[in-house]
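*Asks:* Encoded as structure tokens, here's the structure I'll be asking about.
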DNA sequence: CCAATACTCAAACGTTCGTTTAAAACGAAC
DNA sequence: GTTCGTTTTAAACGAACGTTTGAGTATTGG
């Protein structure tokens, strides 16, 4: 921990909130804990963010805004490079997985907190968190839905959507508990190695999507 | 809701706790809410379970005990049927996925609560929940680790473990937010249809594992 | 220099939390 | 019918929660 004291209070609060909410979830995190971690008076949190929910939304906005941009940009870039031809399964997968995986924040120390928060958010029980997230995710979701349909035009839609959910789920799980995975695999798997993880996921999921290329059912 | 008033208080508390914790997570659920839902005095919860943590452990034990048995039994059954030959990828996948998917509880009304809890638990931030679960999961995990190694002896271990995590992750995600998935896919995907979901998952993940059969790297 | 604005602070508000207590109600046994 | 262990109850405990307040201290613009 021990953040550098140089950043402004607002950013310190966001950092601390991101950190705590990634570790303890939304309901499990208290504003007092955040304030203390950010070396800020409790009322300061309210001065800048109005309420706990306001803080949470600001935390989400700060991370998921750029993430959404990256998602859409990467997809566009791949589609531009394909010059009208449908994207390969691997490219669509990469566009889905790379931005979250390398959402490393401003430095290596921040990485864990950010990715953990990202994974946590997707499985957060708290209704307000879910609602705050749905809007952000909807646009990216439909973009990828279209990309998959163009890439595998003969695949049944429901089958495609299911597999998208599976990929999101696996990703969220990995991001959610990097420590647990390392522990569970006796250190054989290291979620910090982004490149290898991305390659491994693409390699694993590609065949499952390829099987839909010729159209089933 | 409106549980039948006939069951004993202990069971009513467990049911209510399972329900609430599946919906709101561990920290998000209060004992008062559970007590009210179970039509029981607050102190009764303490009489039977000692503490909130004790209640949570009882909830986990009641569901994950039988689940572990089913996991191991199904694996044994498949291995017995294989008569010494290595299991097919599909069989191992089925042994992993079927028990959680059909953990439907005692009736269709209970199903959602149970599966939701199951998915929630895996991604629960709360440290105590994680700790209480680790013991339960460890035995099943190593059993499947061995099964996969026998099924794909030439596969690199790390690669195998990664893909196990991916499958668990996808499963947990599906179980965690059935409602969200149905909403997100405009109703095209229905997590309640266990058989179809199981078949779809096996079909999707099998090729990814098969690719490891000849050994990579 | 002063007024106005931006920010910080300690203290408190009311609520809800997990937990405990001690007495009442109950059921079976003698 | 009284005794004794089991179960249920209402009431309260202190602590922590999200939130508000009002006075304080910087900082800025005219």
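Rule-based calculations on the coordinates, nothing more; no lab input. Owing to the predicted nature of the structure, the values given are computational and were not obtained by experimental measurement. Neighbour counts run over all protein chains shown; Cβ positions are idealised from the backbone, glycine included.
*Asks:* Take the Cα radius of gyration of chain B and divide it by 2.2 N^0.38 Å, with N its residue count; two decimals is plenty.
*Replies:* 1.11
*Asks:* Report, in cubic angstrom per residue, the convex hull volume of the C-alpha atoms of segment A:112-173.
*Replies:* 94
*Asks:* At a Förster radius of 25 Å, what calculated FRET efficiency corresponds to the Cβ-Cβ distance of residue A:10 and residue A:36, to the nearest 0.05?
*Replies:* Efficiency, rounded to the nearest 0.05: 0.95.
*Asks:* Can you give the Rg/Rh ratio of the protein assembly as shown, where Rg is from the C-alpha atoms and Rh is the Kirkwood radius?
*Replies:* 0.97
*Asks:* Under the definition of partner shielding as Cβ atoms of other protein chains within 10 Å of a residue Cβ, what is the mean value for peptide A:176-182? Please report the intermediate quantities before stating the final value.
*Replies:* Details: counts 7, 8, 0, 1, 7, 6, 0.
Taking all residues of A:176-182 together, the mean is 4.
*Asks:* Moving on to the next point. Can you work out the PRE-style zone for residue B:85? Point 7 Å along Cα to Cβ, and I want the residues of segment B:142-180 with backbone N under 14 Å.
*Replies:* B:151
*Asks:* What gaps in nm, shortest first, separate residue B:188 from its twins in the other copies when you place the label 7 Å past Cα toward the beta carbon?
*Replies:* Those separations, rounded to one decimal, come out as 3.6 nm.
*Asks:* Report, largest value first, the span of the C-alpha coordinates of segment A:51-158 along each principal axis, in whole Å.
*Replies:* 48, 32, 17
*Asks:* Then there is this: Nearest 10 degrees, 0 to 90: what angle lies between the long axis of helix B:157-176 and the longest principal axis of chain B (Cα atoms)?
*Replies:* 40
*Asks:* Next up: Can you tell me the mean projection area, over all orientations, of the convex hull of segment A:100-209's alpha carbons? Units nm², please.
*Replies:* For segment A:100-209, averaging the hull's shadow over all directions gives 8.1 nm².
*Asks:* Here is a follow-up. What whole number of Å gives the distance from the Cα centroid of segment A:61-94 to the Cα centroid of segment A:167-206?
*Replies:* 21
*Asks:* In which sequence would A:142, A:27, A:11 go, from the one with the fewest C-beta neighbours within 10 Å to the one with the most?
*Replies:* The most exposed by this proxy come first: A:142, A:11, A:27.
*Asks:* Where does helix A:9-24 land angle-wise versus the long Cα axis of chain A, in degrees 0 to 90, nearest 10?
*Replies:* The two axes meet at around 60 degrees.
*Asks:* While we're looking at this one, here's another question. Among A:100, A:66, A:191, which one shows the biggest mean-square fluctuation in a GNM of chain A, springs joining Cα atoms closer than 10 Å?
*Replies:* With Cα springs under 10 Å in chain A, the top fluctuation among A:100, A:66, A:191 is at A:66.
*Asks:* Further, regarding this structure: How far, in nm to one decimal, is residue B:128 from itself in the other copies if the label point is set 7 angstrom along Cα toward Cβ? Shortest first, please.
*Replies:* Listed shortest first, these distances are 2.3 nm.
*Asks:* Measuring label to label, 7 Å along Cα→Cβ, what does residue B:41 give against each other copy in nm, shortest first?
*Replies:* Ordered by increasing distance: 4.6 nm.
*Asks:* Please report how far the C-alpha centroid of segment A:4-60 lies from that of segment A:111-142, rounded to the nearest whole angstrom.
*Replies:* Measuring centre to centre over Cα atoms gives 17 Å.
*Asks:* Then there is this: Taking the 0 to 90 degree range and rounding to the nearest ten, how far is the long axis of helix B:89-101 tilted relative to the main principal axis of chain B, both from C-alpha atoms?
*Replies:* 10
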